[in-house]
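Readers should treat all values here as calculations from the given coordinates under stated rules, not as data from a laboratory. On a predicted model such as this, the values are computed, not experimentally measured, just so you know. Cβ coordinates were reconstructed from backbone atoms using ideal geometry, including for glycine residues, and neighbour counts include every protein chain displayed.
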Amino acid sequence: MRKSAILLFFVLLLFPVFLAQDIPRISPCLNDFSGVIGPNYKTQIEQICAQLNTKKGVELAIVIVPSTQPYDINSFAQKTFEKNAIGKANEDNGLLLVIATADRGWRLEVGYGLEGTLPDGKVGQIAREKLVPSLKNNNYNEGVLYFLQAIAQEINQNYTPRNQTGGGGGGIGFLEFLVIFAIAFIFFFILLFKISEKLKNFYQPPPTRGEEDRTHIRRPVQQQKKPTTAVGYSRFGGGRSGGGGASGTF
């Protein structure tokens, strides 16, 4: 009896550990673990992700799960954001939309670099207008699409990446001039070397018959193509969450 009681105690103690959900490793754009987004809407959502990354360098991820338990949706979103490092490392311009279909909750986690463009109040307002009404009717397709379209519009109109901001100086300094001159100098000698090699090959006498038999034909090495995805990139860039965003229920 005593052994059974001890065993039951350890089972109850470890039960939450067995139920605990691991924070997922996700891919850029749509991660639909609940299977609620149709193919046509998936394509449109991927286009939004690709355009945001191409035009503004913003990295967007959408995670749809049945439940975020044992975490609340805010903790789950923040942990998922940080584990996957969504956004560019020097921009912190990532976005993560989490929807829990069984928990009936949502959260948009905003990277630090986008908090000025997407403050908490604005995100909440857009969600109440574009996201929540459709989610209440279990229309995840239109809810996610319309919400992301509105978010993308705000970013396209009001966000400027740091690498696109104009500088305040007029001209270059002495150090920059030396760097440019050194690069041009090296490039000139590389070009000169290439030209001399081509001329040497051009004036080289043709090989004899015996030499031709011993000559091996070199086939060009085909370079492997880098893997691409529907959104144009396959991994996130090392961004951080600023803790901003908004969340709610439906």
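Miscellaneous remarks
- Here the label points at residue 90 and residue 149, each 7 Å from Cα along the C-beta direction, are separated by 3.5 nm in the simple model.
- Per residue, the convex hull spanned by the Cα atoms of the stretch 24-159 amounts to 94 cubic angstrom.
- A Förster distance of 30 Å, applied to the separation of the beta-carbon atoms of residue 129 and residue 82, puts the FRET efficiency at 0.55.
- Cβ-Cβ FRET estimate between residue 55 and residue 104, R0 fixed at 25 Å, reported to 0.05: 0.15
- Using the empirical formula 2.2 N^0.38 Å as the baseline, the Cα radius of gyration of the stretch 67-145 reaches a ratio of 1.12.
- Over the stretch 24-159, Cα pairs under 8 Å with separation of 6+ residues give a relative contact order of 24 percent.
- Multiplying the residue separation of residue 249 and residue 142 by 0.36 nm and subtracting their alpha-carbon distance yields 36.8 nm.
- Under-5 Å amide H pairs with residue 34, H placed in peptide plane, nonlocal only: 64
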